[in-house]
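Q: The following block contains the structure, expressed as structure tokens.
The values are calculated or read from the model by the stated rules, or taken from the named source; none is laboratory data. What you see is a predicted model; the values in this text were computed from it and never measured. Cβ placement follows ideal geometry from the backbone for every residue including glycine, while neighbour counts extend to all protein chains displayed.
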Amino acid sequence: MPTLEIAHRGREPGTVDAGHSAISLSALIRSALRRHIVIVLALTALGGAIGAAAAALQPVAYTSTASVLIRPAAGNSLSPQTPTGNGTQLTVAMTTEVSLVTTPAVAALASKEYGSTLPGSQERVAATVPPSTQIITVSYTAPTAEKAQRAAEAYATAFLAFRAANARQVTDNQVAALQKQLASATAALKTAALRAATETDPRAYSAQQVQLYAERIAALNNSISTIETTGQDAGSVVRSSGKPSAPNGIDSWMFVAAGLTVGLLLGVAAAVMRRFSDDRIDPKTDTTVAGRPVLAQLPKNARLPLASEELAPPEDEALRQARTALVAMVGQHQAVALSPVATTADSALFGLNLARALSQSGYRVALVDATVVDEPLLSRLSVEPSTDLTSSLGDGPTGGLFDIQSLASAGHVESCSDVDALAGPGFRQAVLALKAQHDYVLVAGSALGTGAGDAAVAAADSTVLLAQAGRTSHDEVASAAVRAERLSSPVVGSILCGRAARGRQTPSARRDGARAEASVLDHASA
């Protein structure tokens, strides 16, 4: 299955390529969730809250339904005269019948049946006809289940009563007309019978009239009887309305679930968008920064000791990686500046531990603390700096450890302020002298962009940047690389540090006061 690759490219200040790293969509999403999980959780919670609010604001309504089977009844659209074999006429008749359910006349009868006015406020009645049937379903929606049930039953009964009333009215009118005709025929029969009594010839006109009126009366009586016995059944309720067990609409939990789902999707989308536009270094995906490789990555909240002691496995492995990369990329008798970029990383402490790692591999290493801070490295170590430029790390307690003042004491740097001394020719001459006596000279400096930091970088042959994962951006590293290039000290790579953490003393330091452990990231808090 192909993997979608997304190029995450930093901006390109100056002339230095900011570099890029291609990451898969899944890696981008994982990185976005890891970095912006708060946004995802906040939007998910907001979506759930909106869903819960929508569920709470949803009007509560219950619907009950009754089914009515209607029969042909005189005076109605579906009457005995409607040809049930003709589909079109039957459909027209049923459509007309169902439209009468919601008329005011039926509503008045339903209100009388129910005992109060129907339909009430925010209530509604509806009627439908299932296909190819003479059944009408009457539905009533009300705020309570009990009212929905009773009102649906009342409407079904009222509709049948309405049809029955129509049938009775038509039947009564027809019977009244026939009764009038019957009375007239009976009177005519009596008159014809009186005339026929005076005649002796049975074939006389009067005798024939008697026979004619008698037949007429018999036919009228038969019609009246037929009308009174047919077309009176308006129909019946074939399914009574039941009490609804649950309100209409979507269940509350579905609102909440939908809100959580939408919130989660929006949160992930927002996190991905922020991550895609985020220029900060991601230790999980970025193997190069500003076009230079990541030489090593210290674990989150890494702590490096001041005293020479066994490191924790993660920190030890990171220093081994940094040592291997430095040896592979920087020739011997070279000075390497360690310069922080947008971080509180303690370059002197890191340089001390890296120098020890190089020394353990047999290299002669010197460390120059060129940081301008209130509490320099050698002060924290409680040792005097070395004035012997030939000494190397491991040659006694102060071997290979130098600062600006010790170089001044050795006569290589003029005694003046630290920043001015770093920028003077004596400091560079001291670094040159150290390079001649050592395989590697590590110059721990302040941040690039400061006078002291630039001077330390300018005195070195190459630079390793100390960047903080999740805080330092690609742009900041690229800008620092441009500045180092202009100071003739090209950047060979970056060391990624974790988040800042306060330093603490190790148990051994608490016993003898000679050793202290400080965070590699927060010199100011050490």
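Q: If I filter the stretch 455-470 for residues that are under 13 Å from THR343 (Cβ atoms), touching a Phe, Trp or Tyr at 6+ places or on another chain (Cβ under 8 Å) and aliphatic (A, V, I, L, M), do I get at least one hit?
A: Yes - at least one qualifying residue is present in the stretch 455-470.
Q: Being hydrophobic (A, V, I, L, M, F, W, C), out of contact with any strand residue (DSSP E or B) (no Cβ under 9 Å at 6 or more places or on another chain) and touching a residue at least 40 places away in the same chain (Cβ under 8 Å) is the requirement here; does LEU182 meet it?
A: So LEU182 passes the test.
Q: Select, from LEU422, LEU407, the only residue that is under 16 Å from LEU338 (Cα atoms) and buried (at least 23 other Cβ atoms within 10 Å of the Cβ).
A: Selected residue: LEU422, the only one of LEU422, LEU407 that is under 16 Å from LEU338 (Cα atoms) and buried (at least 23 other Cβ atoms within 10 Å of the Cβ).
Q: In addition: State whether the residues of the stretch 332-341 include one that is surrounded by 22 or more Cβ atoms within 10 Å (Cβ to Cβ) and among the hydroxyl-bearing types (Ser, Thr, Tyr).
A: yes
Q: Which residue pairs have Cβ atoms closer than 9 Å, lie 6 or more positions apart in sequence or on different chains, and pair a first residue in the stretch 244-266 that is at positive phi with a second residue that is surrounded by fewer than 15 Cβ atoms within 10 Å (Cβ to Cβ)?
A: Sorted first by the residue in the stretch 244-266, then by its partner, the pairs are GLY249/PRO59; GLY249/VAL60.
Q: So the check is Cβ under 9 Å with 6+ separation or different chains; which pairs have a first residue in the stretch 29-46 that's assigned by TED's automatic domain parsing to the domain that holds VAL256 and over 22 Å from SER473 (Cα atoms) and a second one that's of a type in the set (Ser, Thr, Tyr) and in a helix (DSSP H, G or I)?
A: What qualifies is THR44/THR261.
Q: Which pairs have Cβ atoms under 8 Å, sit 6 or more apart or on different chains, and link a residue in the stretch 202-218 that is among the aromatic types (Phe, Trp, Tyr) and at pLDDT below 85 to one that is crowded, with 17+ Cβ neighbours inside 10 Å and in a helix (DSSP H, G or I)?
A: Listed by first residue and then by second, the contacts come to TYR213/ALA185; TYR213/LEU189; TYR213/ALA192.
Q: Let me ask something additional. Check ALA156, ALA145 and return the single one that is under 26 Å from ALA246 (Cα atoms), surrounded by 13 or more Cβ atoms within 10 Å (Cβ to Cβ) and touching a Phe, Trp or Tyr at 6+ places or on another chain (Cβ under 7 Å).
A: Selected residue: ALA145, the only one of ALA156, ALA145 that is under 26 Å from ALA246 (Cα atoms), surrounded by 13 or more Cβ atoms within 10 Å (Cβ to Cβ) and touching a Phe, Trp or Tyr at 6+ places or on another chain (Cβ under 7 Å).
Q: Considering only the stretch 312-412, give the strands (runs of 3 or more DSSP E) lying wholly within it that have at least 3 residues that are in contact with a helix residue (DSSP H, G or I) (Cβ under 8 Å, 6 or more places away or on another chain) and under 28 Å from GLU476 (Cβ atoms).
A: Answer list for the stretch 312-412: 334-341, 365-369.
Q: A further question follows. Is at least one residue of the stretch 42-62 under 25 Å from ALA151 (Cα atoms), buried (at least 18 other Cβ atoms within 10 Å of the Cβ) and not basic (Lys, Arg)?
A: Yes; the residues of the stretch 42-62 include at least one that is under 25 Å from ALA151 (Cα atoms), buried (at least 18 other Cβ atoms within 10 Å of the Cβ) and not basic (Lys, Arg).
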